[in-house]
Amino acid sequence: MSWKDIGKWLKSRGKGKDQFKGMRNSAILQDLTEYELFLFSQIVHDRKFTKGESIFEQDVPLAVFYMVSSGEVELQETASTGQSSCRISPNEVLGIIDMYVQNRRLASARATKDTYLQAVSHLDFEFFVKSNPKTGVKLLNNMCRLISRKALSDISSEGI
Amino acid sequence: MKLTRWLIYILFAAVFVAGIWFYSLIFKYLITAVIFSYIINPWINWLERRRIPRLLGILLVYVVIGLTITWALTRILPLIIAQAQSLMDFIQTSSSEGTVSLLKVKFIQDILARVDQLDNQVPILKLHDQFVSLIDSINRGMTNIPGILIDNYQKILTAVSLIATVPLISIFLLKDNVNFRKSILELVPNRYFEIAILLLHKVDEVVGCYLRALFFEVLIVGSLSSIVLTILGVPYSLLIGFAAGFANIIPYFGPWMGGFFAVLSILIAGKPPVMAIYAALGMYLVQVVDNNVVYPLVIGTSIKMHPLIVLLTVLAGGWAFGLIGMLVSVPLVYLIYSLVKVLYTNLKEFKMI
């Protein structure tokens, strides 16, 4: 053990335990300050889903959106043209588009592994954005970035 | 294995029942603390958003409330007590002099003159004696008020201990309300999680809105009515103003009661009847301000219930639990109705029924 290691340990003790480690990596919570994360953590609920467990079904109303902390989720959409599916990995978000499209689930979601999700009520989210406008702008910007990135990757995968 | 599971269930049920029995004694304190917390929570949230730690925010709000109450106790309460004393003296005089004293009131004398006139025209009615006996029974009812206060001193003491305990319980409820909410939701299985969130929101919306509505309406309508009635020179203006504020809690009918108190006090005090019209207009003006400025600004949403259902609910609440029943029956019924509606709609929407 060197003096450098002891210094690192003391520094980490001084900072204390990182309470928001799980949230910090989420795609929509990037560049939020410690205090903003603290405020946002008040409307976040940790949920655990076992392998194969249904998270939500297509066409039911949306009350919460989920941020994937660990594990994996399979989204499956049944349309008149057929079925399509995709996998959602950690730090991505489930239900942002649904939240702004008739407030209904556009696809069904199922955990493909034991999965930890962080749920945020869309009513809490709206209230949070209204009452914390500066943080709200950051969150909505991050959401826009996420949706744009997703749209671009869809376009490139379809070869347009 | 099955027997063990049943034994554990029975043990849990026994612990649950024992817990409810044990804590039932302080249940009313807890409910009052929850109500108090609901009213002041938005202010603490507002301070927290401005980077003031929650505990400090709670203490700041407590200090502000404490100072306001102290100010009210030193400035307004003596006036209210003086008016109440004057009213009690009037009642006591009526009691010692019997029916004759109340019959000296000009308004009552006017009615008695009309009654006598009617008796002369239709002697068979004999309304004079019946009217005098009615006044006598009102007199006796009014003189019982001090007796009721003395007989119920224990209840008054309980109320005082409630006032001392509630803020203490509320500190914990306010400080950890987020954790309490999260802990409740953690117990809910994944399948029902989204419905539970929607239900909690509905409870927050209805209970929070209504409790804040009660608080601000009592305060603002009470103050405005007192000011208007004092300007108009109505006797017992502060007492009547705050009685009108409390009566305003009852939707549709409460506002009329406030006006009725004001008019009644003018007529009993023998003031010119035209003043009753001014007082009624003044109270109407207060209602216009309340409906168009205070309510939309402070509360935003209102209880949507048919007036007939409100009337029946108020009557049923009054018969079952007295004055408190009259005041809380409407929000309670509305809350249960809203929850059942939200639960039924969402269970259908989530394809669970």
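The values are calculated or read from the model by the stated rules, or taken from the named source; none is laboratory data. Because the structure is predicted, anything quoted here is derived from the model rather than measured. With ideal geometry, Cβ positions are generated from the backbone for all residues, glycine too; neighbour counts draw on all protein chains shown.
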- Task: Within the stretch B:328-353, count every residue that is part of a helix (DSSP H, G or I), within 14 Å of chain A (Cβ to nearest Cβ) and in contact (Cβ under 8 Å) with a residue 24 or more places away in the chain.
- Result: 4
- Message: Can you find a residue that is within 23 Å of A:ASP154 (Cβ to Cβ) and of a type in the set (Asp, Glu) anywhere in the stretch A:27-42?
- Response: no
- Of the residues that make up the stretch B:281-291, is at least one part of a helix (DSSP H, G or I), under 23 Å from B:LEU335 (Cβ atoms) and not hydroxyl-bearing (Ser, Thr, Tyr)? yes
- Would you call A:PHE20 out of contact with any Cys (no Cβ under 7 Å at 6 or more places or on another chain) and within 14 Å of chain B (Cβ to nearest Cβ)? no
- Message: Please go through the stretch B:24-46 and give me each residue that is surrounded by fewer than 17 Cβ atoms within 10 Å (Cβ to Cβ) and within 14 Å of chain A (Cβ to nearest Cβ), ordered by number.
- Response: B:PRO42, B:TRP43, B:TRP46
- Message: With the structure loaded, tell me whether B:SER94 is in contact with a helix residue (DSSP H, G or I) (Cβ under 6 Å, 6 or more places away or on another chain) and at pLDDT below 75 or whether it fails that test.
- Response: yes
- Over the stretch A:29-74, the set of residues within 12 Å of chain B (Cβ to nearest Cβ) and among the acidic types (Asp, Glu) is A:GLU34, A:GLU36, A:ASP46, A:GLU53, A:GLU57, A:ASP59
- Query: Within the stretch A:120-130, can one find any residue that is within 17 Å of A:SER26 (Cα to Cα), touching a strand residue (DSSP E or B) at 6+ places or on another chain (Cβ under 8 Å), assigned to a strand (DSSP E or B) and not acidic (Asp, Glu)?
  - Reply: yes
- Query: Quick check: is even one residue across the stretch A:120-130 surrounded by 14 or more Cβ atoms within 10 Å (Cβ to Cβ), under 27 Å from B:GLU186 (Cβ atoms) and among the basic types (Lys, Arg)?
  - Reply: no
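Results for (1) within 14 Å of chain A (Cβ to nearest Cβ); (2) within 26 Å of B:LEU60 (Cβ to Cβ); (3) surrounded by fewer than 17 Cβ atoms within 10 Å (Cβ to Cβ), shown as yes or no for each residue.
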{"residue": "B:ILE184", "(1), (2), (3)": "yes, no, yes"}
{"residue": "B:PHE193", "(1), (2), (3)": "yes, no, no"}
{"residue": "B:ILE197", "(1), (2), (3)": "yes, no, no"}
{"residue": "B:SER225", "(1), (2), (3)": "no, no, no"}
- Pick from the stretch A:107-160, criterion hydroxyl-bearing (Ser, Thr, Tyr) and more than 18 Å from A:HIS45 (Cβ to Cβ), ranking: farthest from the other protein chains (Cβ to nearest Cβ): A:SER156
- For B:GLY325, which of the numbered conditions (1) surrounded by 11 or more Cβ atoms within 10 Å (Cβ to Cβ); (2) free of Cβ contacts under 8 Å to residues at least 24 places away in the same chain; (3) farther than 17 Å from B:LEU214 by Cβ fails to hold? (3)
- Query: Which of the residues spanning the stretch B:47-89 are within 14 Å of chain A (Cβ to nearest Cβ), surrounded by fewer than 11 Cβ atoms within 10 Å (Cβ to Cβ) and at negative phi?
  - Reply: B:ARG50
- Boolean, A:GLN102 is out of contact with any Phe, Trp or Tyr (no Cβ under 7 Å at 6 or more places or on another chain), under 30 Å from B:ARG51 (Cα atoms) and of a type outside the set (A, V, I, L, M): no
- Return a yes/no flag: does the stretch A:83-106 have any residue that is touching a residue at least 24 places away in the same chain (Cβ under 8 Å), within 12 Å of chain B (Cβ to nearest Cβ) and part of a strand (DSSP E or B). yes
- Note on the structure: Considering the stretch B:250-272, residues that are buried (at least 19 other Cβ atoms within 10 Å of the Cβ) and within 20 Å of the chain's Cα centre (by Cα), and then whichever is nearest to B:MET326 (Cα to Cα), we arrive at B:ILE250
- Note on the structure: Within the stretch A:72-116, residues of a type in the set (A, V, I, L, M) and out of contact with any strand residue (DSSP E or B) (no Cβ under 9 Å at 6 or more places or on another chain) come out as A:ALA79, A:ILE97, A:VAL101
